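Read-outs: derived from the displayed coordinates by stated rules, not from any lab. Predicted model only: the values in this text are computed from it and were never measured. Reconstructed Cβ throughout: ideal geometry from the backbone, glycine too, with neighbour counts over all protein chains shown.
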Amino acid sequence: MNETLARTCSTGVAAYEPDAYRSDIRPVWCPGCGDYSVLAALTNALAHLQLPPEQIALVSGIGCSSRIPAYTGVYGLHGVHGRALPVATGLKLARPDLTVLVAGGDGDGFSIGGNHFLHACRRNADLTYIVMDNQVYGMTKGQASPTTAADWRGSDLTPDGTGLVPFQPLTIALAAGANFVARCFSGDPANLTEILVEAIRHPGFSVVQVLSPCVTFRPEQRQWKNLVRMAPASAGADLRSAARHLMEDDGLSIGRVLYRGDRAPFAVKRKNTVEVEKLVEEFIL
Amino acid sequence: MVSIVLAGSGGAGAISAATVLLEAAGMAGWYAYMTRSVGAQIRGGETAAMLRFGIEPVTSHDDRFHVLLALDWKNLGNFASEMPLCAESLIIGDPEQGDVPETLAASGARQAEVPMAQIAQSIPGGRGNMVAAGVIAGLIGLPLEALVSVVVKSLQHKGDKVLAASNQALRAGFDAVDEFGLGTAFRLHPGRPAGPGKRWIVTGNQATGLGAIRGGIRYVAAYPITPATEVLEWMGPSLARVGGALVQVEDELAAINQIIGASYGGVPSLTATAGPGLSLMTESLGLAVASEIPLVVVDVMRGGPSTGIPAKSEQSDLNIALHGMHGDAPHLVLAPNSVPDCMFTTHWAVHLAETLQVPALVLSDQAIGQARAVLDLPAEVVFPTRRVVASPQTEGEKYQRYAVTPSGISPMAIPGTPGCQYTAEGLEHNPAGAPSSRAEDHAAQLDKRARKLDLYDYGDAWADLEGSGECAIVTWGSCTGPALEAASRWWRDGAEMRVLSIRLLSPVQPRRFAQALAGVDRVLVVEQSHSAQFYRYLRAHYELPQQCRVFHRAGPLPVRPEEICAQFSQWSNA
């Protein structure tokens, strides 16, 4: 992958620089937020793929990371909380010619939008879902999310911790039928770019969980840069290895595609065999 | 005209027998109208088809039924209020099924017995419901040949044996009318066939689907719910035939959001649901308002609140349709007022939604949606539907998705259009679409979204007005049929009466309303909701004469024409 990236850059034929995929709107994110790096990695990945910006749509829900479409130069839709996946699915099924990306956070995707996550994995439409996971609701100023550890006591809503088992997005994605699964770290944007390129290229539903620190409400996540490590190559050997790895892992192994399936993406078949005027005929006496 | 109830427990085949009768009536040149009342059980619950046949077009039920034929009684007696009878009525039961339930017998109707199950048993493969269809045909003078031709058409694929059994059962039932001395009191005159292609047989839900596709809908996200499922079931294969698609989704939240995505992509989109589904969709309808994404949601109303009465009708979703969204969220609310009008109103809803870049809610209901009728085929309607889209922008031009225009309508860029990339926003935004919490942007965008609905000329289709005079019935949706029938009784007696049935409920049309009721000094509002939602809506938005009354009640009992007449009679005598 690095070689491919290098080749494109060295030939100098790129019509679209990363900036072609950026808007001039300044993000609302806090200084030091991991989401800046995700935005940069995404625009780099799109420049690598040289997709015309007007052929890309980025759909999101609500939350800090869901603000991302406005910061890009592609078509965007910033919808309601938790519903990015069905919006993106409808768009992709109606407009299969577009490259459709979905972005959001752990609360948006796995709590309020959890049901859609399961069914998006099952449906396997050709989408790339980028989840910026910071284990906290940042936009509402620091409440526990579904990926927060059970004993985190940082919020007045759950002063004794949630007591709930953290949601395991990638294990669930595998079980539900996602066609591409990877975990990355916003602090390694080069690796994130590579994996996003692969995810976008891979047919079907691709899930990329990005550990993206919230320096404001989870300042301890600044330490992630010292704690994350490359997932072992063996983890990505096949579905079984990926599942075993994810179930034994502490959630901080990154940098590798854990699963690449070959399930054909969901698409609607269009026949167009009759004129609209003919439809009434079945009712005529 | 003659009115018949054909009842039986679920699985006994009452509905399919009634459907055969309806189509046969159409073949014989009659008009016909059928609604159904189905209980909660998946199978085995009480099921009744209410039928009305006529030489002239039939648009609603009568006050009472002439004949009640029951294949069995089970708990049919609990639903006597849905099938009013009188001393001149005839109740036909099967002696094997025991006595007529007290609640039905209390009507004083004449009773007769026909051993339908036994007759069916004497025919190899014979079914009681086909015997019953034969009995009704014989009673009302519907030619046996018409019934046979319908059965041949629908059962041919099942082979000669099944066909022969059905035909024999029909004939045996037909002959039983004389054999058991049921009389000739309910015979209709022979029908006047209209010639091929002049009439059709359709349900409201099918007509809704057809109107949607004619309007240009090519993407539907579907989650099943009674009594809207048939809209979706008809649209699935039909959309596929015209190059569109229907996709079943995980819940109603997905349904509304999928069609937001598809419509954002430039494909006119729709979903159909009932009250519980509409409740779930309401937040996202607000997104469609704010981000100016056209779409259509059909709500086939049923008894509420909560799960309510899923298979029976009520006009009680008006409030949520008008006011369900948070914030100031102008949108379209329309309501069909008859089975064929489901086609027109849904077609028009697509046209308006696409033109105005706004969600349209279509409030059908179970009574209309699941009604099946033989009707004159309406002339095809054509609307100049065109979403205003943005052209590719050249270097240096800055596309503004939410540009503040005089009409309030701004060109919408469809993904794929170079140079127009923008983010559709549920956050308040500036004209370019960038999120904004500035008071000025909020005011400008609120004004723009209100203006585009207010300035548009909706024309005469906003309501149907019939009759003249100083008294008026103001109604909507499925109450329109009984209201027109009540009015026709005045007209027949040479009296005057206006009927105003409002199709466009939002935005309101005060000027047109005042015109329609000019010279009226007495208004009776007729609706089917417990809290008089429609009356309160009229009170809020329209000038009503001092003499204004409301006749309202909850579903599932339909409003009967004589009840409307009685309201005016009492009023005159007061």
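None of A:107, A:82, A:154, A:63 is among the small types (Gly, Ala, Ser), more than 17 Å from the chain's Cα centre (by Cα) and not in a strand (DSSP E or B) except A:154. Contact map, the stretch A:44-65: residues that are within 12 Å of another protein chain (Cβ to nearest Cβ) paired with residues that are surrounded by fewer than 24 Cβ atoms within 10 Å (Cβ to Cβ) and acidic (Asp, Glu), Cβ distance under 9 Å, separation 6+ or inter-chain. Pairs shown: A:55/A:97. Based on this model, can you work out whether residue B:494 counts as assigned to a loop (DSSP other than H, G, I, E, B) and without any contact (Cβ under 8 Å) to a residue 24 or more places away in the chain? Answer is yes for this residue.
Go through the stretch B:223-258 residue by residue and tally those that are closer than 25 Å to residue A:278 by Cα and β-branched (Val, Ile, Thr).
Matching residues across the stretch B:223-258 total 4.
Under the condition of being among the hydrophobic types (A, V, I, L, M, F, W, C), more than 14 Å from every other protein chain (Cβ to nearest Cβ) and over 19 Å from the mean Cα position of the chain (by Cα), which residue from the stretch A:244-285 is farthest from residue B:192 (Cα to Cα)? Across the stretch A:244-285, the extreme among qualifying residues is A:247. A search for C-beta distances below 7 Å between a residue of the stretch A:73-95 that is at the interface with chain B (Cβ under 7 Å from one of its Cβ atoms) and any residue that is among the polar types (S, T, N, Q) and part of a loop (DSSP other than H, G, I, E, B), counting only pairs 6+ apart in sequence or on different chains, returns A:73/A:23; A:73/B:421; A:74/B:421; A:75/B:421.
Scanning the stretch A:205-230 for residues that are in contact with a strand residue (DSSP E or B) (Cβ under 7 Å, 6 or more places away or on another chain) and over 25 Å from residue A:107 (Cβ atoms) yields a count of 2.
For the stretch B:501-533, a residue qualifies if it is surrounded by 17 or more Cβ atoms within 10 Å (Cβ to Cβ), of a type in the set (A, V, I, L, M, F, W, C) and under 22 Å from residue B:459 (Cα atoms), and the qualifying residues are B:502, B:504, B:505, B:508, B:513, B:516, B:517, B:520. Residues in the stretch B:116-134 that are surrounded by fewer than 23 Cβ atoms within 10 Å (Cβ to Cβ) and touching an Asp or Glu at 6+ places or on another chain (Cβ under 6 Å): 1 in all.
Residue-level check: of (1) part of a loop (DSSP other than H, G, I, E, B); (2) surrounded by fewer than 22 Cβ atoms within 10 Å (Cβ to Cβ), residue B:282 misses just (1).
Output the strands (runs of 3 or more DSSP E) that fall wholly within the stretch B:1-103 and possess 1 or more residues being in contact with a Ser or Thr (Cβ under 9 Å, 6 or more places away or on another chain) and acidic (Asp, Glu), or say none.
Working: elements: B:2-9, B:31-38, B:46-54, B:67-70, B:90-93.
Answer list for the stretch B:1-103: B:46-54.
Residues being out of contact with any helix residue (DSSP H, G or I) (no Cβ under 8 Å at 6 or more places or on another chain), in contact (Cβ under 8 Å) with a residue 40 or more places away in the chain and either within 27 Å of residue B:547 (Cα to Cα) or away from chain A (no Cβ under 14 Å) (or both) are entirely absent from the stretch B:421-441. Considered as a group, the residues in the stretch B:155-174 that are touching a helix residue (DSSP H, G or I) at 6+ places or on another chain (Cβ under 9 Å) and among the small types (Gly, Ala, Ser) include one that is surrounded by the most Cβ atoms within 10 Å (Cβ to Cβ), and that residue is B:173.
Determine, yes or no, whether residue B:559 is closer than 21 Å to residue B:319 by Cβ and touching a residue at least 60 places away in the same chain (Cβ under 8 Å). Full working, then the answer.
Values: closer than 21 Å to residue B:319 by Cβ: yes; touching a residue at least 60 places away in the same chain (Cβ under 8 Å): yes.
When the stated conditions are applied, residue B:559 passes them.
Consider the stretch B:104-129 and keep the residues that are assigned to a strand (DSSP E or B) and touching a helix residue (DSSP H, G or I) at 6+ places or on another chain (Cβ under 9 Å). The one that is nearest to residue B:158 (Cα to Cα) is B:113.
Considering only residues that are surrounded by fewer than 19 Cβ atoms within 10 Å (Cβ to Cβ) and either in contact with a Leu (Cβ under 6 Å, 6 or more places away or on another chain) or outside any helix (DSSP H, G or I) (or both), which ones fall in the stretch A:219-229? Scanning the stretch A:219-229 gives A:227, A:229. In the stretch B:181-278, counting only strands (runs of 3 or more DSSP E) that sit wholly within it, the ones holding 1 or more residues that are charged (D, E, K, R) and within 10 Å of chain A (Cβ to nearest Cβ) span B:199-203. For the stretch A:256-285, which positions are surrounded by 18 or more Cβ atoms within 10 Å (Cβ to Cβ) and closer than 30 Å to residue A:147 by Cβ? Hits for the stretch A:256-285 are A:256, A:257, A:258, A:259, A:260, A:261, A:266. Within the stretch B:182-216, restricting attention to residues that are surrounded by fewer than 20 Cβ atoms within 10 Å (Cβ to Cβ) and basic (Lys, Arg), the residue that is farthest from residue B:231 (Cα to Cα) is B:187.
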